[in-house]
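Colleague: Dumping the structure here so I can ask a few things about it.
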Amino acid sequence: MLLGKILTFIIGVGLGVLIVMYHRQIVRFMGVNDWAERTFGGGGTYTLWQLIGVFVVVGTILYVTGTVNMVLAGIAGAIGF
């Protein structure tokens, strides 16, 4: 169980960091996202990929530490569910 969490941490954080580092190359390969450009303005696709990378890192850390349910419950409570 511990080995699985360690591997998940290494892969998840590594993937998130790579997404943030290579967001320009990802956009060149995947193309521009119209929604991101409208929402975030010029260069919004680059911002979107950086946010995805940060969310992957944060989500991985929350999963490995076991605090995902607590965070989601807090968000749902703040929204009113």
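Only the coordinates and a few stated rules stand behind these numbers; no lab work does. As the structure is a computational prediction, the values presented were derived from the model and not from experiment. Cβ atoms come from the backbone with ideal geometry, glycine included; neighbour counts cover every protein chain shown.
Colleague: Give the calculated FRET efficiency between Phe55 and Leu2 to the nearest 0.05, with a Förster radius of 25 Å applied to their Cβ-Cβ distance.
Modeller: 0.50
Colleague: Okay, next question. Take the Cα coordinates of the chain, assign each an equal point scatterer, and use the Debye formula without solvent to give log10 I(q)/I(0) at q = 0.16, 0.17 Å⁻¹.
Modeller: Debye curve over Cα of the chain, log10 I(q)/I(0) at q = 0.16, 0.17 Å⁻¹: -0.74, -0.80.
Colleague: Using the membrane-span-like helix rule (whole DSSP H runs, Cα extent along the own axis of at least 20 Å, mean Kyte-Doolittle hydropathy at least -1.0), which helices of the chain qualify? Before the final figure, lay out each step's value.
Modeller: Numbers: long enough: 2-21 (28 Å, 2.41); 44-65 (31 Å, 1.51).
In the chain, the long hydrophobic H runs are 2-21, 44-65.
Colleague: Using the basic label-point model (7 angstrom from Cα toward the beta carbon), what is the Val32 to Thr47 distance in nanometres?
Modeller: The answer from the label model is 1.5 nm.
Colleague: Can you give the relative contact order of the chain as a percent, counting alpha carbon pairs under 8 Å and 6+ residues apart?
Modeller: The normalised contact order for the chain reaches 38 percent.
Colleague: Would you mind calculating the gained length between Gln25 and Thr67 on full extension (0.36 nm times residue separation, minus the Cα-Cα distance), in nm to one decimal?
Modeller: 11.9 nm
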